[in-house]
Amino acid sequence: VQLQACGGGLVQAGGSLRLSCAASGNTANSLVMAWFRRAPGKELEFVGSLRYSMRRTYYGDSVKGRFTISRDNAGNALSLQMNTLKPEDTAIYYCAARNNWSVQYYSGDQYPYWGQGTQVTVSS
């Protein structure tokens, strides 16, 4: 499975960005997919994940109400719509995937597949 993330950039506080992650490989449309981020000098942080089979999304506390995860109908592309961005959202954003659901969906250790990361910078 290969993951390719894109859509990062520079935006002013209060603005919006949309990230996309394309998955390819034999099991791409059955993956559980998620977003994580790592800010400079900080640990990896869970942003959100999508349990596609249940049509349920989960979000980290710091992004709830501002970020929205969605997946295309074919099931092999994941998007992250980020609204009302804050300077503290500045980080490298990574998409991640695993083959089945884990109750520890918020832990990066649970995901064997990772994209290369895309930089998001929010200026104040």
Inside the stretch 70-95, the number of residues satisfying the requirement of being in contact with a Phe, Trp or Tyr (Cβ under 8 Å, 6 or more places away or on another chain), more than 13 Å from residue 8 (Cβ to Cβ) and at pLDDT 95 or above is 2
The residue from 36, 46 that alone is more than 13 Å from residue 82 (Cβ to Cβ), open to solvent by 10 Å² or more (accessible area, probe 1.4 Å) and assigned to a strand (DSSP E or B) is 46
Confirm whether residue 25 is surrounded by fewer than 18 Cβ atoms within 10 Å (Cβ to Cβ), in contact with a Gly (Cβ under 9 Å, 6 or more places away or on another chain) and free of Cβ contacts under 8 Å to residues at least 60 places away in the same chain. no
Counted residues in the stretch 4-33 being closer than 17 Å to residue 110 by Cβ and either assigned to a loop (DSSP other than H, G, I, E, B) or out of contact with any Lys or Arg (no Cβ under 8 Å at 6 or more places or on another chain) (or both) come to 5
Could you tell me whether the stretch 77-89 includes any residue that is in contact with a helix residue (DSSP H, G or I) (Cβ under 8 Å, 6 or more places away or on another chain), of a type outside the set (D, E, K, R) and surrounded by fewer than 17 Cβ atoms within 10 Å (Cβ to Cβ)? no
Exactly one of 18, 38, 51, 66 is of a type in the set (D, E, K, R), in contact (Cβ under 8 Å) with a residue 40 or more places away in the chain and out of contact with any strand residue (DSSP E or B) (no Cβ under 6 Å at 6 or more places or on another chain), and that one is 51
| query | Are any of the residues in the stretch 39-57 under 14 Å from the mean Cα position of the chain (by Cα), within 24 Å of residue 123 (Cβ to Cβ) and of a type in the set (S, T, N, Q)? | reply | no
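The values are calculated or read from the model by the stated rules, or taken from the named source; none is laboratory data. Note that the structure is predicted; figures quoted are calculated from it, not measured. When we count neighbours, we look across all protein chains shown, and the Cβ atoms used for this are built from the backbone with ideal geometry, even at glycine. Remember, those area values only see protein heavy atoms, side chains included, never the ligands or the DNA or RNA. Shrake-Rupley method; radii C 1.70, N 1.55, O 1.52, S 1.80 Å.
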